[in-house]
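Quick notes on the structure that follows.
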There are 6 protein chains.
Amino acid sequence: MIGWQPIEYEQAGAEVRAVYDDIRRTRGSDYLNAVWRVLANDPALLARSWRNVKEVMAPGALDPLTKELVYLAVSITNGCDYCIGTHGAAAQAKGMSPAQFGELLAVVGLANQLNAVVKGAAVPLDERYRG
Amino acid sequence: MIGWQPIEYEQAGAEVRAVYDDIRRTRGSDYLNAVWRVLANDPALLARSWRNVKEVMAPGALDPLTKELVYLAVSITNGCDYCIGTHGAAAQAKGMSPAQFGELLAVVGLANQLNAVVKGAAVPLDERYRG
Amino acid sequence: MIGWQPIEYEQAGAEVRAVYDDIRRTRGSDYLNAVWRVLANDPALLARSWRNVKEVMAPGALDPLTKELVYLAVSITNGCDYCIGTHGAAAQAKGMSPAQFGELLAVVGLANQLNAVVKGAAVPLDERYRG
Amino acid sequence: MIGWQPIEYEQAGAEVRAVYDDIRRTRGSDYLNAVWRVLANDPALLARSWRNVKEVMAPGALDPLTKELVYLAVSITNGCDYCIGTHGAAAQAKGMSPAQFGELLAVVGLANQLNAVVKGAAVPLDERYRG
Amino acid sequence: MIGWQPIEYEQAGAEVRAVYDDIRRTRGSDYLNAVWRVLANDPALLARSWRNVKEVMAPGALDPLTKELVYLAVSITNGCDYCIGTHGAAAQAKGMSPAQFGELLAVVGLANQLNAVVKGAAVPLDERYRG
Amino acid sequence: MIGWQPIEYEQAGAEVRAVYDDIRRTRGSDYLNAVWRVLANDPALLARSWRNVKEVMAPGALDPLTKELVYLAVSITNGCDYCIGTHGAAAQAKGMSPAQFGELLAVVGLANQLNAVVKGAAVPLDERYRG
């Protein structure tokens, strides 16, 4: 294992602290998820990752809960346990109900099922859906 | 290639026609997507697949557009061109705007990016997110 | 595109011809699938790939048709169109019936579905199935 | 983590108990795998998932062991540890020998290898295998 | 299909033109790959994607050719034909020889093979490699 | 779980010992990674896997560190924790610096991101990159 240990605020240099401060301000919480404290081993990677998250997950044409559901669906498909754990919690914090989580699992399961069936049967795209 | 040819309504047996009729009724359209006409080569597979789609994609705790966006996010992650083509069209028909599609791509891209980074850095799940 | 063109028997050097000869002998057919003619651009890669295929796909504790079905299931899951096309044909040549192909698609679809659902719900492995 | 706890028989409502009863009857065992007890948090998801498993994994044109091997091959490819654990055990219960498991791993490994090589070399599908 | 058409320089607004100009300057070529002209349908997505590419693919602790080989390895594993085509060409432009491409395919194939075998055999991580 | 236990040198038969001896000689270390001791449950699978690793990972047109980086990039994309742990350590042993590891993560993340975005936007391959 590559052995990157989490870097706590007190140990961090100025560049990392600036990112930590912005995460805390944006999240409205002092807690820093492990992902940020581990990525801090490469300050440029930390800064770029956070900047992308902040821009992409902000409210826009899609509301924040819908964005979390989409993020969670991808993470489930890829089998990223850490991402399922943290974005599942984030989705709940933004209002995902148990019934919505159950339906999300059902849709994610169905899509994975039919993605495979369609590829296996080599279904050609209907003329009407071509670009 | 396995060589399943699409089965048109006129060629289909009673079991397949019953499914085709239900698809047309539920969709409010006579057009049958190629996926159904190809899966009709195995009537049990067709019937089961359609039953699952009908149940899972129906309005519930999540609205139909959110379900389509989740389905599309999984299909993009899995690289199923047919599924991206048909469910992209379905999402548009249910109201997805170009701006929403752009943000969906951004979230799907971000999740795929960070899923990989998190796995590569072997980030341990924070105590507070454990079940 | 990297631009490896297929190398026909007549153009091939001695090392590649030896592999081609063995493929023809083993397959009992003069036709060389495109995959071999393309991999021939790197004779060591060709020789190693063929040696592995010959050893692994030979009859053993699992019969050749079962091996083809397993190979096809993986190729469908990974969405390799070339592999689905050629191994689908190989499975048919070894006796896969249309009904068996339909059931294969159903099992592959189900496994992809439940793999995702299980990961999304973070189901812990039952004590009794631990190593 | 989303925090779905397993639901034991005694805690379950009538809809869930009916599924549990059918699983026990079909399996010929009182033990309920964790997957069912966790999915019971969404009774419709549980009922649909079980119905699909029961239909798809039943003996048909493919025998139950072959179906388990295919299911296991997909689960290995997707890296679903829970699914590998439970379906590995199920395959053993249906007669998979250690030698068969070793050959299954070899075929699954080979398919994953050549799926990647073929995609990387952009091998075009031979005319003779087109639909 | 969602139907985003490529946007040529002449049709583009000021925000998109600024990105196009920077791509041309950085690449030292007037040609704009299709990916940029398609992503231009969402100017924020285009700008963010390009900024990330420019930062991440620049020379650093890893040289540009090594970065291209890594990018290509991921794209092959994910089966992204467009990405294989363009980054294969980019790797060649940066000096990848045919022999290096053949060895890259071999390593990518081997990793995909053994990733699957290791997951299927549930190999536990050696104590000495734990973080 | 299928329950293959590691086989130590002292318990192993002659065929397995011959492979173990070659691994020790080639690696210049007595330690045998768990993967080899587990695969030893199927001597043919062990012998074939080791032979492939030895051939493919040897110095050639690509140097050993570059090969490890490519192997690691694939293992991260596939989420194989064992493979990330052992090949991360191997890359470090061959000279990968912390800064190089950070840039590797950045490139792997970027490729996974844009692979998805490109597939979702259905970008057609530029004429100039076609084979």
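Table for the structure above
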| item | result |
| --- | --- |
| Accessible surface, per residue, of chain A when the full set of protein chains is kept, probe 1.4 Å, Å² | 37 |
| Anchor C:K94: aspartates and glutamates whose Cα lies under 15 Å away (excluding residues fewer than 8 positions away in-chain) | C:D63, C:E68 |
| Mean shadow area of the stretch A:59-121 over all directions, Cα convex hull, nm² | 4.8 |
| Copy-to-copy label separations for E:P64, where each label sits 7 Å from Cα toward Cβ, in nm and ascending | 3.0, 4.1, 5.1, 5.1, 6.1 |
| Rough spin-label spacing in nm, given labels placed 7 Å along Cα→Cβ, for F:R27 and D:S97 | 3.1 |
| Relative pair counts by distance (%), Cα atoms of chain C, 10 Å bins | 10, 32, 29, 19, 8, 2 |
| Estimated buried accessible area (total), pair D and A, 1.4 Å, Å² to nearest 100 | 700 |
| Distance (nanometres) between label positions extended 7 Å along Cα→Cβ at F:E127 and A:R51 | 3.6 |
| log10 of Debye I(q)/I(0), alpha-carbon scatterers only, for the protein assembly as shown at 0.04, 0.06, 0.10 Å⁻¹ | -0.15, -0.34, -1.05 |
| Volume of the Cα convex hull of the stretch C:1-58, divided per residue and given in Å³ | 81 |
| Residues of the stretch C:57-81 buried by at least 50 Å² on assembly (accessible area, 1.4 Å probe, chain alone as reference) | C:A61, C:L62, C:V70, C:Y71, C:V74, C:T77, C:N78 |
| Spin-label model distance (nm) - F:A18 vs B:E15, 7 Å beyond Cα toward Cβ | 5.3 |
| Farthest positive-ward along chain E dipole, Cα basis, beta-carbon charges - from E:P124, E:G28, E:I76 | E:P124 |
| Nearest-to-axis residue of chain E, judged by beta-carbon position, where the axis maps E onto B, in Å | E:G79, 3 |
| Cα-Cα over 29 Å, subset of D:K67/F:K67; A:K119/C:K119; C:K54/F:K54; C:K119/E:K54 | D:K67/F:K67; C:K119/E:K54 |
| At least 20 Å along the helix axis (C-alpha) and Kyte average at least -0.5, DSSP helices within chain F | F:43-57, F:64-78, F:98-120 |
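The values are calculated or read from the model by the stated rules, or taken from the named source; none is laboratory data. A quick note: this is a predicted structure, and the numbers were derived from the prediction, not measured. Quick reminder, even Gly has a Cβ in these numbers, built from the backbone with ideal geometry, and neighbours come from all protein chains shown. Please note that ligands, DNA and RNA were not included when accessible areas were found on the heavy atoms of the full protein model with its side chains. Shrake-Rupley method; radii C 1.70, N 1.55, O 1.52, S 1.80 Å.
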